[in-house]
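Here the structure is laid out as structure tokens; the discussion comes afterwards.
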Amino acid sequence: MLQLSMTVAEYLLILAGLAMVGNGIILYGRRTSDWTGVLKMFYNRIGMSVEEFKWYRLGVASLVLGVVVRILNLTLWP
């Protein structure tokens, strides 16, 4: 039962993280109308608003937590 719960939590965290990062990217693109700046977001610092930054960082944290749950799941139940 715990293995199933961890598997579901893993997928939910990763999907939620992707959605949050995507939301932050879309908010930035709509605000600036600079869709090429979206590519710079991953390797260079760009001017993001507070709301965009919160969505982006919350999404990255959710993705990292999903990966940690995945590692734990594979470690405990190989």
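Could you give the distance between the Cα centres of the range 1-22 and the range 23-78, to the whole Å?
Here the answer is 15 Å between Cα centres.
Averaging sequence separations of C-alpha pairs under 8 Å and six or more residues apart, then dividing by the length of the chain, give the relative contact order as a whole percent. Walk me through the numbers before you get to the answer.
Numbers: 68 pairs, mean separation 40.2, N = 78.
Once normalised by length, the contact order is 52 percent.
For the range 1-64, run through the chymotrypsin sites (Phe, Trp or Tyr not before Pro) and keep only the ones in DSSP coil with at most 15 other Cβ atoms within 10 Å of their Cβ. Display every interim value, and only then the final one.
Numbers: sites: TYR11, TYR28, TRP35, PHE42, TYR43, PHE53, TRP55, TYR56; in loops: TRP35, PHE42, TYR43.
Within the range 1-64, the qualifying chymotrypsin sites (Phe, Trp or Tyr not before Pro) (loop, at most 15 other Cβ atoms within 10 Å) are TRP35, PHE42, TYR43.
By how many nm would the segment from GLU51 to VAL67 grow when fully extended, if each residue of separation counts as 0.36 nm and the alpha-carbon distance is taken off? Mind dumping the intermediate values first?
On the way: separation 16, 0.36 × 16 = 5.76 nm, distance 2.46 nm.
That pair, GLU51 and VAL67, stretches by 3.3 nm at full extension.
Give me the 1.4 Å probe accessible area per residue for the chain, excluding ligands and nucleic acids, in Å². Mind showing how you got there, number by number?
Numbers: 5530 Å² over 78 residues.
On a per-residue basis, 71 Å².
I'd like the orientation of helix 50-76 relative to the chain: the angle between its Cα long axis and the longest Cα principal axis, in ° from 0 to 90, rounded to 10.
The answer is roughly 20 degrees.
Of the accessible area of the chain, with the probe set at 1.4 angstrom, what percent is carbon plus sulfur? If you can, show how the numbers build up before the last one.
On the way: 3870 of 5530 Å².
Here it works out to 70 percent.
Divide, for the chain, the radius of gyration over alpha carbons by 2.2 N^0.38 Å, where N is the residue count. Walk me through the intermediate numbers first.
Values: Rg = 15.3 Å, N = 78, 2.2 N^0.38 = 11.5 Å.
Rounded to two decimals, the normalised Rg is 1.33.
Cut-off 10 angstrom, C-alpha nodes, Gaussian network model of the chain. Which of VAL60, VAL50, VAL38 fluctuates the most?
Result for the chain, Cα springs under 10 Å: VAL50 fluctuates most.
Provide the gained length on full extension for the span LEU74 to SER5, in nm with one decimal, where the gain is 0.36 nm per separating residue minus the Cα-Cα distance. The partial results should precede the final answer.
Numbers: separation 69, 0.36 × 69 = 24.84 nm, distance 1.32 nm.
This chain segment gains 23.5 nm when fully extended.
The values are calculated or read from the model by the stated rules, or taken from the named source; none is laboratory data. These figures come from a predicted structure and were not determined experimentally. Don't worry about glycine lacking a Cβ; one is built from the backbone with ideal geometry, like all the others, and counts go over all protein chains shown. What goes into the accessible areas is simple: the full protein's heavy atoms, side chains included, and nothing from ligands, DNA or RNA. Shrake-Rupley method; radii C 1.70, N 1.55, O 1.52, S 1.80 Å.
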